[in-house]
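The values are calculated or read from the model by the stated rules, or taken from the named source; none is laboratory data. Because the structure is a prediction, the values reported are computed rather than measured. With ideal geometry, Cβ positions are generated from the backbone for all residues, glycine too; neighbour counts draw on all protein chains shown. Areas reflect the complete protein model, heavy atoms only, side chains present, ligands, DNA and RNA absent. Shrake-Rupley method; radii C 1.70, N 1.55, O 1.52, S 1.80 Å.
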Amino acid sequence: MKYSYALKFGAALIGFASLVGCAKSPESVVESFYRALGAGEITEAKSYLSAEIFSLLGEKKLTAALASETEKIKACGGVASVVTKLQGEGEVRFGTTSVTFGGNCQPRNERTKLIQQDGKWKISANK
């Protein structure tokens with residue numbers, strides 16, 4: 001009985017540790033967002049955005065805006081690198097992101113804000 005309990009507890013602990021290990025950092029969320037946009041994966045890109053952005057723009061406008069950004073990124077030769085510098089504590093991070101492109105376009109520098117929603121970092125509106 002004790003062996004069975006210890007085995008179940010150990011399996012649960014390993015499962016929890018693997019979930020924690022898979023958690024994305026705020027910086028990696030920003031990079032994943034831009035990589036998804038560059039690849040034309042609008043649905044995936046949306047998964048990195050906060051509910052606040054959805055409520056501000058609505059589904060149709062947001063999809064159109066992301067599709068437009070995808071075309072701009074493709075015209076610039078795709079995403080070459082994403083460098084995000086954030087500060088803050090708790091459930092909010094803010095800072096800047098620099099996106100460089102594979103073509104001749106100038107790098108894009110943007111203010112960036114992330115919040116935690118349901119335990120995941122999401123890109124939020126800069127207010």
(request) Among the residues of region 70-87, count how many are within 13 Å of residue 25 (Cα to Cα) and not aliphatic (A, V, I, L, M). (result) 3
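I'm trying to understand the selection: among the residues of region 83-111, which are among the aliphatic types (A, V, I, L, M) and either more than 19 Å from residue 125 (Cβ to Cβ) or open to solvent by 70 Å² or more (accessible area, probe 1.4 Å) (or both)?
Matches in region 83-111: 83 only.
Would you say residue 27 is in contact with a strand residue (DSSP E or B) (Cβ under 7 Å, 6 or more places away or on another chain), modelled with pLDDT of 95 or more, open to solvent by 30 Å² or more (accessible area, probe 1.4 Å) and outside any strand (DSSP E or B)? Please lay out each step first, then the result.
Values: in contact with a strand residue (DSSP E or B) (Cβ under 7 Å, 6 or more places away or on another chain): yes; modelled with pLDDT of 95 or more: yes; open to solvent by 30 Å² or more (accessible area, probe 1.4 Å): yes; outside any strand (DSSP E or B): yes.
Here the answer is yes, as residue 27 does meet what is asked.
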(request) Sort through 89, 110 and tell me the only one that's more than 19 Å from residue 36 (Cβ to Cβ) and not in a helix (DSSP H, G or I). (result) 89
